[in-house]
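Here is the structure we will look at.
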Amino acid sequence: MRKPEWLHIKRTGIHDANIATERLIQKLNLHTVCESARCPNKGECFNNQTATFMILGDVCTRNCTFCAVSKDKDLLLKPDEQEPQRIAEAVKVLQLDYVVLTMVTRDDLEDGGAEHLIKVIQAIRSLYKTDVAIEILISDLQGSAFYLRKIIDTDPTVFNHNIETISRLYPQVRPQANYQRSLHLLKAAKEYNQNMLTKSGFMVGLGESETEVISLMRDLLSVQVDLLTIGQYLAPSKDHHPVFEYITPEKFTFYRQTALNLGFKECFSGPFVRSSYKARNALYIKKNQC
């Protein structure tokens, strides 16, 4: 389908901050979801000297049909022991007060990469002495309650795990994932730390109905998810899951208002919204919650 007008990204000038951020990431040999997942907000975020760091390499062990991240298991590497320190250095150089950490799914590792994520968080807090807020966007850890609790014990500001799509579409879109397992992970996280903000996100345009979207919202509320992100699915290539519909900006506004009316503390909903879009706003929500 031809993209509608509202999905054409307006190009902004290349700012010094954008170039500096890209060079720093390259210099420190880091991965960002901004680049690996071809995020449409990369320019805006880089211009603001922010980035979502993706740990454990840039190869995923799952075969989700919507994702642009590489799935070539022959390229899988052991966790880089120097990566935590390099990310901490990047955080310090960029003078971030809000850091987003995400991870590829690593089913080849016994802990799913949990221990490595913990080391990254510890390195940031060790090197960067100011009060830095950390949001984590994690895989489902194959449902491990033990490693989930170890991660939450690092006291992240926001715990994020994306549900990605409605239950009916999981066999086509996330064949190696499990809808109920993801819901259980979010529920367990909140039950273990009631003071921690929990967050999830999903895409629209994959073939879901309005009724199914609202039902998904209710499922997330039933496990006490606080924050929600909703964005347009854009197929990375013709080999990925096809786009069934381009959702109008008005519909995104409707979904946001519906989410707020149902009880979410905040919902970012729009064509270019992704899971870490305007993530720093969680600080204001956290402040008002205390």
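The values are calculated or read from the model by the stated rules, or taken from the named source; none is laboratory data. Note that the structure is predicted; figures quoted are calculated from it, not measured. Note that each Cβ is placed from the backbone with ideal geometry, even for glycine, and that neighbours are counted across all protein chains shown. For accessibility, only protein heavy atoms count, side chains too; no ligands or nucleic acids. Shrake-Rupley method; radii C 1.70, N 1.55, O 1.52, S 1.80 Å.
What do you reckon, is Glu164 open to solvent by 10 Å² or more (accessible area, probe 1.4 Å), in contact with a strand residue (DSSP E or B) (Cβ under 7 Å, 6 or more places away or on another chain) and closer than 18 Å to Tyr255 by Cβ?
Here the answer is yes, as Glu164 does meet what is asked.
Taking the stretch 210-236 only, how many residues are open to solvent by less than 30 Å² (accessible area, probe 1.4 Å), in contact with a Leu (Cβ under 9 Å, 6 or more places away or on another chain) and of a type in the set (A, V, I, L, M)?
Number of matching residues: 6.
Based on what the data block shows, is Ala188 at negative phi and in contact with a Lys or Arg (Cβ under 9 Å, 6 or more places away or on another chain)?
Yes, satisfied.
Mind listing just one residue for me: the one in the stretch 169-193 that is open to solvent by less than 90 Å² (accessible area, probe 1.4 Å) and of a type in the set (Ser, Thr, Tyr) and, of those, nearest to Ser139 (Cα to Cα)?
This residue is Ser182.
Quickly run through the stretch 87-99 and pick out the residues that are open to solvent by 10 Å² or more (accessible area, probe 1.4 Å) and either in contact with a strand residue (DSSP E or B) (Cβ under 8 Å, 6 or more places away or on another chain) or in a strand (DSSP E or B) (or both).
Listed by number, the residues that qualify are Asp97, Tyr98.
If we only count strands (runs of 3 or more DSSP E) wholly inside the stretch 139-244, which ones have 2 or more residues that are free of Cβ contacts under 8 Å to residues at least 60 places away in the same chain?
197-204, 227-232
Go through (1) part of a loop (DSSP other than H, G, I, E, B); (2) surrounded by fewer than 18 Cβ atoms within 10 Å (Cβ to Cβ); (3) at pLDDT 85 or above for Cys67 and report which single condition fails.
Looking at each condition in turn, Cys67 falls short on (2).
Here are some residues: Thr248, Thr258. Which one is hydroxyl-bearing (Ser, Thr, Tyr), exposed (fewer than 14 other Cβ atoms within 10 Å of the Cβ) and at pLDDT 95 or above?
Thr248
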